[in-house]
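The values are calculated or read from the model by the stated rules, or taken from the named source; none is laboratory data. Computed from a prediction, not measured in an experiment: that's the story for all the values here. Every residue, glycine among them, receives a Cβ derived from its backbone with ideal geometry; neighbour counts consider all protein chains shown. Quick note on the areas: whole protein, heavy atoms, side chains included, nothing else; ligands and nucleic acids left out. Shrake-Rupley method; radii C 1.70, N 1.55, O 1.52, S 1.80 Å.
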Amino acid sequence: MRASLLLILLCTAVRILGYPVNFTEGIQIAAFGENQLVLFTGSRVDIISSGAIKTNALALPSNAELFAIDTNVFYLSGRAIYQIDLTSKKTTQVVSHSEPLLLVGTHESSSIVREVREPGKIISFDLQNRTPIWRSEEFEETRNIIAENTLYAFERRQKDDAFDLIALDLKTGKKLWRVGNFTPNSGGLLESEKQLFVADKERLHVFDAESGRRLHSFADRKATGWLLLKSGTEEFCVMFQYRADPLLGRSSKHTAFRVDGRELAKLSELDVSLITVDGLSNGKALCRTGNTTRIVDLYTGKSLYKWPGTFKARFSDTIYTFSENQNRYSIHSCNLKSGEAKAIYEFATVR
C-alpha cells in the first residue's frame, strides 16, 4: 500500500531535473532531443516529431516508467533499466538490481532510483557506463524531490507517521543534514537562491539549503496546504483553505502570495481549483485546473490563456497537453506567447 502511494506521489507531485515525464490515466510522455516526444500508452511507444508520427509499434511492459536524458530514452521496469533504440526499435538492458526499483528522477547522465522495499536504499546509476555511482543508507518510506545538485527526501517515521527532511548530495549520495518533523504536502518544497522553502500544513518554513539551519517560518491557522513556485527571480506561494460545507460539499479557496524577505505579500484570490505545474516569468504560473491547463497571473488572479487537457511536457515556449473527449484522446501543442493551441496527435483508445 505504501509503495503504491509513493509511486502516485512521485508521478504526480514531483518535478525532476532534466526532461520531465508525466503520468495521466496510463499515458506517459517524455520530451527529448530537438522538439521530439515519446508517447507511451501502456503497451507501446510512438515517437512524435514536429507534429508527425516518426515511428511506432515499439512494445514495452505495461509497468514501464519512461524517462529521457539528452537524446537518449530509457525505461525502468521491475529490477532493471533499459535503453530504447528508436531507430531499430530494440531495447538494451543497461542496469540490473537485486530488488524492484522506483524511478526518482535524473541528474546529469545518471538515473536516481529507490528500492521498493522498506527500509530501502536510494541509488544513483551511471547509465552511460552502466555502473552504480553511489548507494545511500537505508531509509523508511520516502517522498523524493531533486533540486539542483541535492536530493531532498521526506522520510516517514514509524513511531508517529511524521516525516523528517533529509538532504543528500547527488554526486556522492552523502547525507548532508536531517531536520524534523513535518507533515509535507504535494508541491511543498522549493530550492531558490540557497534557501529551501518547505510547506507543512499551517506553516511555510525557510531553511538554509546548505546547512539545514532553520531561518524563519510563516504561519496561518486557516491554511490546509501550500504550493510553492519560482517565477523569474521571485518566489511565490499559494495557500489552500479547504472546508466541508453541509450544503455545498467540500469547497476550497486559494490565495497567492509573493515571498518578500521575512514577510508574505498577499497578491490575489485565485478562483480556480489550482494545481501548480511550473513558474513562468513576471509573476505568471502555468497551472492545471481540472481538465484544463492555463496561464494564471498571480498578481491579479486572472487566467490569461486556457487550453484543453493536462500538462505533459515543455520545450521553451511550447507546452504539450493530453486530453480526453468521448473516448477520443488528443495531444495538443500550445504556444505560451501567442496562446495558440492545435491538436498534433489523436487516437481512439488507450492502447
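Which count do you get for residues in the range 77-120 that are more than 16 Å from Ala59 (Cβ to Cβ), in contact with an Asp or Glu (Cβ under 8 Å, 6 or more places away or on another chain) and in a strand (DSSP E or B)?
Residues flagged as more than 16 Å from Ala59 (Cβ to Cβ), in contact with an Asp or Glu (Cβ under 8 Å, 6 or more places away or on another chain) and in a strand (DSSP E or B) within the range 77-120 amount to 6.
Among residues belonging to the range 209-219 that are closer than 16 Å to Arg262 by Cα and open to solvent by 40 Å² or more (accessible area, probe 1.4 Å), point out the one that is modelled with the lowest pLDDT.
Only one residue fits best here, namely Ala219.
Just to be sure before I move on: is Tyr305 at pLDDT 90 or above and not in a strand (DSSP E or B) in the structure I sent?
no
Mind checking which strands (runs of 3 or more DSSP E) fall wholly inside the range 130-188 and carry at least 1 residues that are of a type in the set (Asp, Glu) and open to solvent by less than 30 Å² (accessible area, probe 1.4 Å)?
150-156, 163-169
Is there a residue being surrounded by 19 or more Cβ atoms within 10 Å (Cβ to Cβ) and over 23 Å from the mean Cα position of the chain (by Cα) anywhere in the range 93-107?
Looking for residues that are surrounded by 19 or more Cβ atoms within 10 Å (Cβ to Cβ) and over 23 Å from the mean Cα position of the chain (by Cα), one finds at least one in the range 93-107, hence yes.
Filter the range 331-351 down to residues that are at pLDDT below 90, assigned to a loop (DSSP other than H, G, I, E, B) and open to solvent by 70 Å² or more (accessible area, probe 1.4 Å) and give me whichever is farthest from Thr292 (Cα to Cα).
Top of the filtered list is Arg351.
Quick test for you: out of Glu193, Glu202, pick the one residue that is under 21 Å from Val238 (Cα atoms), of a type in the set (Asp, Glu) and buried (at least 17 other Cβ atoms within 10 Å of the Cβ).
Being under 21 Å from Val238 (Cα atoms), of a type in the set (Asp, Glu) and buried (at least 17 other Cβ atoms within 10 Å of the Cβ) holds for just one of Glu193, Glu202, which is Glu202.
Given the criteria within 22 Å of Ala147 (Cβ to Cβ), under 19 Å from the mean Cα position of the chain (by Cα) and of a type outside the set (S, T, N, Q), does Leu127 qualify?
no
In the set Arg203, Arg130, which member is under 18 Å from Glu108 (Cβ atoms) and free of Cβ contacts under 8 Å to residues at least 40 places away in the same chain?
Answer to the selection: Arg130.
For the range 292-302, give me the residue count where each residue is in contact with a Pro (Cβ under 9 Å, 6 or more places away or on another chain) and either buried (at least 19 other Cβ atoms within 10 Å of the Cβ) or outside any strand (DSSP E or B) (or both).
1
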